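Below: the structure, in structure tokens.
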Amino acid sequence: MATDDKLDAILGKLDAIMAAQRTLAAEQRILYRQVEALFALYGQIDFNAPLLDMRGWATSPDVLGVLLRWIQRERPAVILELGGGRSTLVSAYACQQNGGHVYAIDHDADFAELAREEIAAHGLSDHATIIHAPLVEHRIDGEAWAWYDMAHLPDLPPIDLLFVDGPAQHNHPQSMLRYPALPLLAGLLADGALIVVDDADREHERRVVARWRTAFKLTVLQDLSAEYGQSEKGVKVLRWAR
Ligand SMILES: C[S@@+](CC[C@H](N)C(=O)[O-])C[C@H]1O[C@@H](n2cnc3c(N)ncnc32)[C@H](O)[C@@H]1O
């Protein structure tokens with residue numbers, strides 16, 4: 001190999017090493033934030049059992065911290081979570097401290113049962129209700145959408161806080177799967193309700209929020225983007241007005 005080619009090959013490898021190092025440094029920053037957020041959660045809640053298996057499918061500690069702060073600040077009487085799990089535990093502990101009740105919907109019967117068992121293991125069954133509601137077809141302005149079967153919802157008082165973290169978008173053929181939340185729940189939301197959107201930096205959720213904002217009166221109260229290292233997957237907090 002000629003000397004110039006060797007030099008190019010070495011420089012190319014060096015670039016790749018430096019890019020990998022930048023990725024690692026960014027991941028470390030995210031990880032440190034999650035550790036901080038986890039310590040903060042344990043500082044604020046006296047957990048009766050360990051809070052395990054966060055991140056990945058489950059809500060990350062940073063988003064749980066955002067959710068907890070808004071619950072503590074606004075003391076919602078009725079919380080509805082689309083996609084339950086760790087978030088339901090944190091919301092239920094907050095309801096135990098402040099009053100209120102959390103309802104969490106899951107489209108999957110097994111995950112719904114798991115969530116119910118966890119709520120019971122933490123001694124929170126009086127503060128949280130897990131609802132299994134499979135996905136069925138809904139028509140919104142002539143378009144077909146797969147979303148939770150509303151017939152499984154109990155009669156709810158107006159919802160003061162809606163946490164949008166389901167249905168699971170992963171491997172689902174329909175894009176913007178979480179869009180129906182506002183068109184279908186509009187009549188059930190209290191004036192001034194908070195809407196907390198997890199995974200807000202994902203392409204699907206960006207488009208969902210943009211479409212909601214053209215159709216409904218929403219104010220952005222908080223926008224923690226992954227791009228600026230403010231959160232792992234992005235989280236937005238919106239205020240609903242009639
Ligand atoms: C983003 S997750 C909801 C996470 C929830 N808010 C939490 O704090 O754990 C959305 C849905 O994914 C499904 N799910 C949860 N864990 C899963 C896993 N390990 N594998 C596949 N699907 C999962 C459940 O049906 C859940 O409602």
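Annotation: of all residues in region 99-112 being exposed (fewer than 14 other Cβ atoms within 10 Å of the Cβ) and touching a residue at least 12 places away in the same chain (Cβ under 8 Å), the one that is nearest to the ligand (Cβ to nearest atom) is 109.
Of all residues in region 75-108, those satisfying the criterion of being over 17 Å from residue 167 (Cβ atoms) and touching a strand residue (DSSP E or B) at 6+ places or on another chain (Cβ under 6 Å) are 76, 77, 78, 79, 91, 92, 95, 102. Somewhere in region 157-166, is a residue under 23 Å from residue 60 (Cβ atoms), at pLDDT below 95, touching a strand residue (DSSP E or B) at 6+ places or on another chain (Cβ under 9 Å) and not polar (S, T, N, Q)? Within region 157-166 (the criterion being under 23 Å from residue 60 (Cβ atoms), at pLDDT below 95, touching a strand residue (DSSP E or B) at 6+ places or on another chain (Cβ under 9 Å) and not polar (S, T, N, Q)), the answer is yes, since at least one residue qualifies. The strands (runs of 3 or more DSSP E) found entirely in region 100-143 that carry 1 or more residues being of a type in the set (Asp, Glu) and modelled with pLDDT of 95 or more are 101-106, 135-140. For region 23-42, taking the residues that are modelled with pLDDT under 95 and not hydrophobic (A, V, I, L, M, F, W, C), the one that is farthest from residue 54 (Cα to Cα) is identified as 23.
Residue 45 fulfils the conditions (1) more than 19 Å from residue 196 (Cα to Cα); (2) among the hydrophobic types (A, V, I, L, M, F, W, C); (3) within 11 Å of the ligand (Cβ to nearest atom) except for a single criterion, (3). Selection within region 63-81: residues that are buried (at least 24 other Cβ atoms within 10 Å of the Cβ) and touching a residue at least 60 places away in the same chain (Cβ under 8 Å). The member of this set that is nearest to the ligand (Cβ to nearest atom) is 81.
Of all residues in region 144-175, those that are within 21 Å of the chain's Cα centre (by Cα), over 22 Å from residue 239 (Cα atoms) and not in a loop (DSSP other than H, G, I, E, B) total 5. Can you pull out the residues in region 198-220 that are surrounded by 14 or more Cβ atoms within 10 Å (Cβ to Cβ) and part of a strand (DSSP E or B)? Answer for region 198-220, where residues must be surrounded by 14 or more Cβ atoms within 10 Å (Cβ to Cβ) and part of a strand (DSSP E or B): 198, 218.
Would you check if residue 88 is in a helix (DSSP H, G or I), within 8 Å of the ligand (Cβ to nearest atom) and not aromatic (Phe, Trp, Tyr)? In short, yes.
The values are calculated or read from the model by the stated rules, or taken from the named source; none is laboratory data. Given the structure is predicted, the values throughout are model-derived calculations rather than measurements. Counting neighbours? That spans all protein chains shown, and the Cβs are built from the backbone with ideal geometry, glycine included.
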